[in-house]
Amino acid sequence: MITREEIFDFVKDKYNIKPDYPWEKYSNYAALRHKDNKKWFGLVMDITSDKIGLNTI
């Protein structure tokens, strides 16, 4: 499994972008934004497996 640090390192190396933490309540959730228009191209957050259908049995 890829870690959030590996994602952040890749985005920094490839695009020179650091994660942004826009939510005070969810301080571990990170947005990845384009430098020019500030639109998000990625969101890194903690969710449970059932939220994405991994516990379907």
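The values are calculated or read from the model by the stated rules, or taken from the named source; none is laboratory data. Fair warning: this is a prediction, and the values are worked out from it, not measured in the lab. Note that we place each Cβ from the backbone using ideal geometry, even for glycine, and neighbour counts take in every protein chain shown. Side chains are part of the model used for accessible areas, which takes the heavy atoms of the whole protein and leaves out ligands, DNA and RNA. Shrake-Rupley method; radii C 1.70, N 1.55, O 1.52, S 1.80 Å.
Do you know the Lys pair count in the chain for C-alpha distances under 22 Å, with sequence separation 8 or more or different chains?
12
Quote the accessible area belonging to GLU6 in square angstrom, nearest 10, computed with a 1.4 Å probe and with ligands, DNA and RNA left uncounted.
Surface open to solvent at GLU6 totals about 90 Å².
Of ASN28, ASN16, ASN37, which is the most mobile in a GNM of the chain whose springs link Cα atoms less than 10 angstrom apart?
ASN37
Return the distance in nm (one decimal) between the two label points of a simple spin-label model at LYS39 and GLU5, each offset 7 Å from Cα along Cα→Cβ.
Roughly 3.3 nm, to one decimal.
Calculate for the chain the 222 nm mean residue ellipticity that helices alone would give, adding -39,500 (n - 2.57) per DSSP H run of length 4 or more and normalising by residue count, nearest 500 deg cm²/dmol.
Result for the chain: -6500 deg cm²/dmol, rounded to the nearest 500.
Can you tell me the accessible area per residue over the chain, all protein chains present, probe 1.4 angstrom, in square angstrom?
With the other protein chains kept in place, the chain gives 87 Å² per residue.
Note down the accessible area of LEU54, probe 1.4 Å, to the nearest 10 Å².
120 Å²
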